[in-house]
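Scroll down for the structure; my scribbles are underneath it.
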Amino acid sequence: GICPCINESGTSIRGYRGISRIGDKNIRATLYMCSMAAKVYNKGCRELYERMVAAGKAKKVALVAVINKLLKQVFGIVNSGEVYCANS
């Protein structure tokens, strides 16, 4: 439910572009709250958030990007089997 979703019909009607509502809303809400903490305490997420906001992106769009970054970090940690090290 974090992937972007485009609602379009033909070439003239363009709808809201945002994250899809497919998936568990509780997981999506939990990830959103985690992203709010990560933008403060996680160095990589903080840099991503600040860079996107400085580029003129909306804060919620930047938070969704932080969610995706968090998911990629978790996936990498689980696949590698290594302990997370914030300095690397």
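A compact table of results
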{"item": "Label point distance in nm, Lys25-Lys59, each placed 7 Å from Cα along Cα→Cβ", "result": "2.3"}
{"item": "Whole-number percent relative contact order across segment 25-80, with pairs defined as alpha carbons under 8 Å at least 6 apart", "result": "36"}
{"item": "J(HN,Hα) series, segment 58-63, from Karplus relation 6.51 cos²θ - 1.76 cosθ + 1.60, nearest Hz, glycine and proline x", "result": "5, 5, 5, 5, 5, 5"}
{"item": "For Ala29, net neighbour charge (Lys/Arg +1, Asp/Glu -1) across residues whose Cβ lies under 14 Å away", "result": "+3"}
{"item": "Trypsin sites (Lys or Arg not before Pro) within segment 18-53: DSSP coil, no more than 11 neighbouring Cβ in 10 Å", "result": "Arg21"}
{"item": "Using distinct alpha-carbon pairs, which all enter the 1/r mean, Kirkwood radius of segment 25-80 in Å", "result": "11.3"}
{"item": "Local net charge near Val66, Cβ-Cβ under 9 Å (Lys/Arg +1, Asp/Glu -1)", "result": "+3"}
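Every number here is computed from the coordinates shown, using simple stated rules; none is lab data. Keep in mind the model is a prediction, meaning the values are calculated, not measured. Every residue, glycine among them, receives a Cβ derived from its backbone with ideal geometry; neighbour counts consider all protein chains shown.
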